[in-house]
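Student: I have a structure here, written as structure tokens, and I will follow up with some questions on it.
The values are calculated or read from the model by the stated rules, or taken from the named source; none is laboratory data. Quantities reported herein were computed from a predicted structural model and do not represent experimental measurements. A quick note on method: Cβ atoms are made from the backbone with ideal geometry, for glycine too, and the neighbour counts reach across all protein chains shown. What goes into the accessible areas is simple: the full protein's heavy atoms, side chains included, and nothing from ligands, DNA or RNA. Shrake-Rupley method; radii C 1.70, N 1.55, O 1.52, S 1.80 Å.
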Amino acid sequence: GENVEQHPSTLSVQEGDSAVIKCTYSDSASNYFPWYKQELGKGPQLIIDIRSNVGEKKDQRIAVTLNKTAKHFSLHITETQPEDSAVYFCAARDGNYGQNFVFGPGTRLSVLP
Amino acid sequence: EPEVTQTPSHQVTQMGQEVILRCVPISNHLYFYWYRQILGQKVEFLVSFYNNEISEKSEIFDDQFSVERPDGSNFTLKIRSTKLEDSAMYFCASSGRTGGATEAFFGQGTRLTVV
């Protein structure tokens, strides 16, 4: 089955700097890769996603890149703000077979003022 | 904006008791899921449900677990005889279209504490 790795496990950046979180997946059949932000005591909130037919997607300060050949995808947050502090999870789903997601272990991002 | 709602937000139960966690998915969605998150760990898939039957389940989802969609709006997770290790946040999620990759939206979760 699918296995998703995520790095780093923790990340601290100064406010205004950029943050990059990287994930790798194992199943080449996976074709949908969402990113979720989880704040303390809340459920995962979808912030951006990418499908396997594109290499990059951007939404304001957030962007995701996908390298299908290498089976890795990354989340980029620019001009970080304290409210970006949260745990970020990447996930992968095999759209050809399953509907469930396999999540990475998460990255705790701290944006220092 | 439509959202997935879960009740209760927190449930405390004695070991060996049955619990039912409730979810109201987004109304026009077709796929429903339960995930769990043990404190400080990653989100783990339990089960997916489509067309009134289980479509996939993980190894975690053993005979102690069951799901039901008793009416047109609710989606429930039942744990028949809770164990201490069932203590976790349980998230319900739903997604829309019949095929292909679609966004899944999560509820706020139910914190289950087994004592």
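Student: Given B:Q17, B:Q11, which one is at pLDDT 90 or above, in a loop (DSSP other than H, G, I, E, B) and either more than 13 Å from every other protein chain (Cβ to nearest Cβ) or more than 23 Å from A:F103 (Cα to Cα) (or both)? Before you say what the answer is, go through the steps one by one.
Tutor: Numbers: B:Q11 fails: in a loop (DSSP other than H, G, I, E, B).
From the options B:Q17, B:Q11, the qualifying one is B:Q17.
Student: Can you tell me which residue within region A:88-113, out of those that are under 10 Å from the mean Cα position of the chain (by Cα) and not in a loop (DSSP other than H, G, I, E, B), is nearest to the other protein chains (Cβ to nearest Cβ)?
Tutor: Going through region A:88-113, the residues under 10 Å from the mean Cα position of the chain (by Cα) turn out to be A:88-92, A:103-104, A:106-107.
Going one step further and asking which of them are not in a loop (DSSP other than H, G, I, E, B), we end up with A:88-92, A:103, A:107.
Values: A:Y88: 12, A:F89: 6, A:C90: 10, A:A91: 8, A:A92: 10, A:F103: 4, A:T107: 11 Å.
Here the residue is A:F103.
Student: Answer yes or no as to whether B:T76 is modelled with pLDDT of 95 or more, surrounded by 15 or more Cβ atoms within 10 Å (Cβ to Cβ) and either β-branched (V, I, T) or in a loop (DSSP other than H, G, I, E, B) (or both).
Tutor: On the way: modelled with pLDDT of 95 or more: yes; surrounded by 15 or more Cβ atoms within 10 Å (Cβ to Cβ): yes; either β-branched (V, I, T) or in a loop (DSSP other than H, G, I, E, B) (or both): yes.
Here the answer is yes, as B:T76 does meet what is asked.
Student: Another one. Of everything in region B:20-36 that's assigned to a loop (DSSP other than H, G, I, E, B) and in contact (Cβ under 8 Å) with a residue 60 or more places away in the chain, which residue is surrounded by the fewest Cβ atoms within 10 Å (Cβ to Cβ)? Lay out the reasoning, then the answer.
Tutor: Within region B:20-36, the subset assigned to a loop (DSSP other than H, G, I, E, B) is B:25-30.
With the extra rule that they be in contact (Cβ under 8 Å) with a residue 60 or more places away in the chain, the set shrinks to B:25-26, B:28-30.
Details: B:P25: 27, B:I26: 19, B:N28: 9, B:H29: 19, B:L30: 17.
Selected residue: B:N28.
Student: Taking the condition in contact with a Ser or Thr (Cβ under 6 Å, 6 or more places away or on another chain), at pLDDT 95 or above and either within 17 Å of A:N3 (Cβ to Cβ) or of a type in the set (V, I, T) (or both), does A:T65 pass? I'd like the intermediate steps shown before the answer.
Tutor: Details: in contact with a Ser or Thr (Cβ under 6 Å, 6 or more places away or on another chain): yes; at pLDDT 95 or above: yes; either within 17 Å of A:N3 (Cβ to Cβ) or of a type in the set (V, I, T) (or both): yes.
Criteria met by A:T65.
Student: For B:E56, only one of the following conditions fails: (1) loosely packed, with under 15 Cβ neighbours inside 10 Å; (2) facing chain A (nearest Cβ under 10 Å). What is its number?
Tutor: (1)
Student: Is it the case that some residue within region B:39-55 is in a loop (DSSP other than H, G, I, E, B) and within 19 Å of B:T5 (Cβ to Cβ)? Step through it out loud before you land on a result.
Tutor: The initial filter retains those residues of region B:39-55 that are in a loop (DSSP other than H, G, I, E, B), namely B:39-43, B:51-52.
After this cut, where a residue has to be within 19 Å of B:T5 (Cβ to Cβ) as well, the list is B:43.
Within region B:39-55, one or more residues are in a loop (DSSP other than H, G, I, E, B) and within 19 Å of B:T5 (Cβ to Cβ).
Student: Considering only residues that are more than 8 Å from chain B (Cβ to nearest Cβ), of a type in the set (D, E, K, R) and either assigned to a loop (DSSP other than H, G, I, E, B) or open to solvent by 60 Å² or more (accessible area, probe 1.4 Å) (or both), which ones fall in region A:1-54?
Tutor: A:E2, A:E5, A:E15, A:D17, A:K22, A:D27, A:E39
Student: Taking B:L84 as the residue in question, decide whether it is over 25 Å from A:R51 (Cβ atoms) and free of Cβ contacts under 8 Å to residues at least 60 places away in the same chain.
Tutor: Details: over 25 Å from A:R51 (Cβ atoms): yes; free of Cβ contacts under 8 Å to residues at least 60 places away in the same chain: no.
It is false that B:L84 is over 25 Å from A:R51 (Cβ atoms) and free of Cβ contacts under 8 Å to residues at least 60 places away in the same chain.
Student: Collect the residues in region B:79-115 that are part of a loop (DSSP other than H, G, I, E, B), hydroxyl-bearing (S, T, Y) and either within 14 Å of chain A (Cβ to nearest Cβ) or surrounded by 13 or more Cβ atoms within 10 Å (Cβ to Cβ) (or both), keeping them in residue-number order.
Tutor: From region B:79-115, those part of a loop (DSSP other than H, G, I, E, B) are B:80-83, B:87, B:96-103, B:107-109, B:115; that's our starting set.
Imposing the further condition that a residue be hydroxyl-bearing (S, T, Y) reduces the set to B:81-82, B:87, B:98, B:102.
Matches in region B:79-115: B:T82, B:S87, B:T98, B:T102.
Student: Another one. Kindly indicate the residue of region B:37-52 that is open to solvent by 30 Å² or more (accessible area, probe 1.4 Å) and of a type outside the set (A, V, I, L, M, F, W, C) and also farthest from the chain's Cα centre (by Cα) among those meeting that condition. Don't jump to the end; show me each part of the working.
Tutor: Step one: of region B:37-52, the residues open to solvent by 30 Å² or more (accessible area, probe 1.4 Å) are B:38-42, B:44, B:50-52.
Of the ones still in play, those that are also of a type outside the set (A, V, I, L, M, F, W, C) are B:40-42, B:44, B:50-52.
Working: B:G40: 18, B:Q41: 17, B:K42: 15, B:E44: 11, B:Y50: 13, B:N51: 16, B:N52: 15 Å.
Looking at residues that are open to solvent by 30 Å² or more (accessible area, probe 1.4 Å) and of a type outside the set (A, V, I, L, M, F, W, C), I get B:G40.
Student: Could you tell me whether region A:84-98 includes any residue that is among the β-branched types (V, I, T), in contact (Cβ under 8 Å) with a residue 24 or more places away in the chain, touching a Leu at 6+ places or on another chain (Cβ under 9 Å) and under 14 Å from A:G16 (Cβ atoms)?
Tutor: Within region A:84-98, the subset among the β-branched types (V, I, T) is A:87.
Checking the rest, the ones that are also in contact (Cβ under 8 Å) with a residue 24 or more places away in the chain come to A:87.
Filter once more, keeping what is touching a Leu at 6+ places or on another chain (Cβ under 9 Å): A:87.
Those still in the list that are under 14 Å from A:G16 (Cβ atoms) too: none.
The answer is no, given that none of the residues of region A:84-98 is among the β-branched types (V, I, T), in contact (Cβ under 8 Å) with a residue 24 or more places away in the chain, touching a Leu at 6+ places or on another chain (Cβ under 9 Å) and under 14 Å from A:G16 (Cβ atoms).
Student: Look at A:N67 and say whether it is more than 11 Å from chain B (Cβ to nearest Cβ) and open to solvent by 10 Å² or more (accessible area, probe 1.4 Å).
Tutor: Yes: the conditions hold for A:N67.
Student: Would you be able to say whether some residue in region A:81-98 is modelled with pLDDT under 95, of a type in the set (D, E, K, R) and buried (at least 19 other Cβ atoms within 10 Å of the Cβ)?
Tutor: The answer is yes; a qualifying residue exists.
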